[in-house]
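One structure is given below, encoded as structure tokens.
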Amino acid sequence: MDKTLIEKRFFNSLVLYDKNAIVQKIMADKLIDYIEVFKRFNKIFEIGCGTGTLTKKIIKKIDFKTLIANDIVDCKKYVCIDERVNFIKGDCEYIQFPSNNNLVISNATFQWINDYKKMFEKIFQSLDDNGILAFTTFGPENFIELREIGMPSINYYTIEEIESFFYEMFDIIDIKENKIIIRFNSYKELFNHIKATGVNAIKYNKNEVLPNLLKYYRLEKETTLTYHPLYFILRAKK
């Protein structure tokens with residue numbers, strides 16, 4: 001994955017993101033439901049806050065003292081809407097994390113991580129004793145329709161594969177998965193949806209891929225897009 005391309009695509013999609021990120025909003029709601037059982041967090045660190053889909057729900061529903069939000073794109077104006085919220089810009093794989101977090105939380109971001117094992121180690125070190133990691137990502141059946149028509153895709157891990165990266169550092173509180181299928185009137189409508197959510201930040205050989213995609217782009221045919229959300233609620237083994 002090209003992180004420069006990811007940053008560019010997400011920046012270009014910021015204006016349209018909230019209107020089109022239907023599934024990401026559903027995932028954020030479920031993630032909040034899972035962590036509401038924990039009474040209070042003094043310090044929360046959010047990875048990949050974007051336009052604040054999850055941040056705003058945390059502010060509204062979770063009892064906390066400080067929230068530090070991070071994104072690869074400058075999203076300060078979207079998330080710093082409460083005096084308890086601060087923002088750090090940068091790639092989560094390279095920036096220094098705040099320490100002594102009670103909760104590290106992330107929605108629909110981990111699929112962009114290149115090195116899961118190092119990320120879990122980094123999060124583990126940033127958590128206090130028995131700190132909670134709550135995140136969502138996408139499973140291997142995500143966007144399966146796009147792969148079937150020859151569109152390049154990132155590597156989506158299974159639950160078991162993701163678990164293999166963190167099992168030495170975290171105990172499992174809960175893991176869940178589901179599928180959400182969105183219907184479109186045409187492939188053009190589907191591709192515009194992908195573009196508006198910034199999830200197409202994959203490099204590919206245009207000479208090989210574009211002719212096939214253009215064929216579908218012009219095809220006036222109803223189609224679907226499968227999302228495969230995964231939900232992880234973990235506790236640090238400290």
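The values are calculated or read from the model by the stated rules, or taken from the named source; none is laboratory data. None of the values given here were measured: they were computed from a predicted structure. Because the Cβ atoms are built from the backbone with ideal geometry, glycine has one as well, and the counts that use them run over all protein chains shown.
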Criterion (touching a His at 6+ places or on another chain (Cβ under 8 Å), modelled with pLDDT of 95 or more and more than 20 Å from residue 11 (Cα to Cα)) met by exactly one of 98, 140: 140
Exclusive hit being out of contact with any strand residue (DSSP E or B) (no Cβ under 8 Å at 6 or more places or on another chain) and either closer than 14 Å to residue 104 by Cβ or of a type in the set (Phe, Trp, Tyr) (or both), set 38, 11: 11
Single condition residue 150 does not satisfy, out of (1) part of a helix (DSSP H, G or I); (2) on the phi > 0 side of the Ramachandran plot; (3) not aliphatic (A, V, I, L, M): (1)
Residue 202, sole failed condition from (1) loosely packed, with under 12 Cβ neighbours inside 10 Å; (2) at pLDDT below 90; (3) of a type outside the set (Asp, Glu); (4) outside any helix (DSSP H, G or I): (1)
Test for residue 168: is it out of contact with any His (no Cβ under 8 Å at 6 or more places or on another chain), farther than 30 Å from residue 217 by Cβ and not in a strand (DSSP E or B): yes
Members of the stretch 44-77 that are of a type in the set (Phe, Trp, Tyr) and touching a residue at least 60 places away in the same chain (Cβ under 8 Å): 45
Unique match (being under 22 Å from residue 232 (Cβ atoms), among the charged types (D, E, K, R) and in contact (Cβ under 8 Å) with a residue 60 or more places away in the chain) among 122, 30, 117, 39: 30
Those residues of the stretch 32-58 which are out of contact with any Lys or Arg (no Cβ under 8 Å at 6 or more places or on another chain) and of a type in the set (A, V, I, L, M), in sequence order: 35, 37, 44, 47, 54, 58
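So that you can scan it fast, the table gives a plain yes or no per residue for (1) charged (D, E, K, R); (2) crowded, with 16+ Cβ neighbours inside 10 Å; (3) over 25 Å from residue 57 (Cβ atoms):
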residue	(1), (2), (3)
103	no, yes, no
121	yes, no, yes
126	no, yes, no
167	no, no, yes
